[in-house]
């Protein structure tokens, strides 16, 4: 966890199937394509079919795409109901998690305030990619302080399925004032940490995530 003890990680060379998984997910997250084929991915990534198939199978299990025989690979395009369900799952996980943290340290709060500062800078520069990463990092960090690995895994999956780079770019360019209000929510969440067992922060967080049902639909 960030802000914790240093941990020595022994890095190993990533396997081709893991590289293929990440590359295909980046294509999905870019929002530029709605479907593809195994052959297209083989040519695009310059890999053999085996790691490509392994990556496709993994992404299908995670809900990022659907493979149709003789038709191709379709990237997941959520319905309004599916989006709302994912937002509701985020509310349940994130609000419960924040209330389980006994104390947010000065280091935790400093990290979050610096993140918020950088979010404002990203909006001013219209850097949608950086803002998207900072926004995700803010919510993820709150979960990291709790330390529940399953919450983190569920959050990452839901967030990635909800937000493509294209949708973040569109929102920034068309509704920058909406984005600034969302960042203000982040500041209010941090301002109320360690007050009333974080209940106030959790209530602000719930309202904040609910706004996503409207702003990112």
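Observations
- Within the range 126-140, none of the residues are on the phi < 0 side of the Ramachandran plot, out of contact with any helix residue (DSSP H, G or I) (no Cβ under 6 Å at 6 or more places or on another chain) and in contact (Cβ under 8 Å) with a residue 60 or more places away in the chain.
- Filtered by the rule that a residue be surrounded by 15 or more Cβ atoms within 10 Å (Cβ to Cβ), touching a strand residue (DSSP E or B) at 6+ places or on another chain (Cβ under 8 Å) and outside any helix (DSSP H, G or I), the range 42-71 gives 64, 65, 66, 67.
- Search result, residues across the range 28-41 that are surrounded by fewer than 17 Cβ atoms within 10 Å (Cβ to Cβ) and either at pLDDT 90 or above or assigned to a helix (DSSP H, G or I) (or both): 30, 37, 38, 39, 40
- Taking the conditions (1) crowded, with 19+ Cβ neighbours inside 10 Å; (2) more than 29 Å from residue 62 (Cβ to Cβ) in turn, residue 98 satisfies each one other than (2).
- Test: residue in the range 83-94 that is under 22 Å from residue 143 (Cβ atoms), touching a residue at least 24 places away in the same chain (Cβ under 8 Å), in a loop (DSSP other than H, G, I, E, B) and within 21 Å of the chain's Cα centre (by Cα): no
- Taking first residues from the range 196-214 that are under 18 Å from residue 104 (Cβ atoms) and partners that are surrounded by 15 or more Cβ atoms within 10 Å (Cβ to Cβ) and modelled with pLDDT under 95, the Cβ contacts under 7 Å between residues at least 6 apart in sequence or on separate chains come to 208/182.
For every residue, the table says whether it meets (1) at pLDDT 90 or above; (2) on the phi > 0 side of the Ramachandran plot; (3) in contact with a helix residue (DSSP H, G or I) (Cβ under 6 Å, 6 or more places away or on another chain).
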position	(1), (2), (3)
144	yes, no, no
157	no, no, no
163	no, no, no
171	no, no, no
177	no, no, no
195	yes, no, no
208	yes, no, yes
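The values are calculated or read from the model by the stated rules, or taken from the named source; none is laboratory data. Owing to the predicted nature of the structure, the values given are computational and were not obtained by experimental measurement. Glycine also receives a Cβ, built like all others from the backbone with ideal geometry; neighbour counts cover every protein chain displayed.
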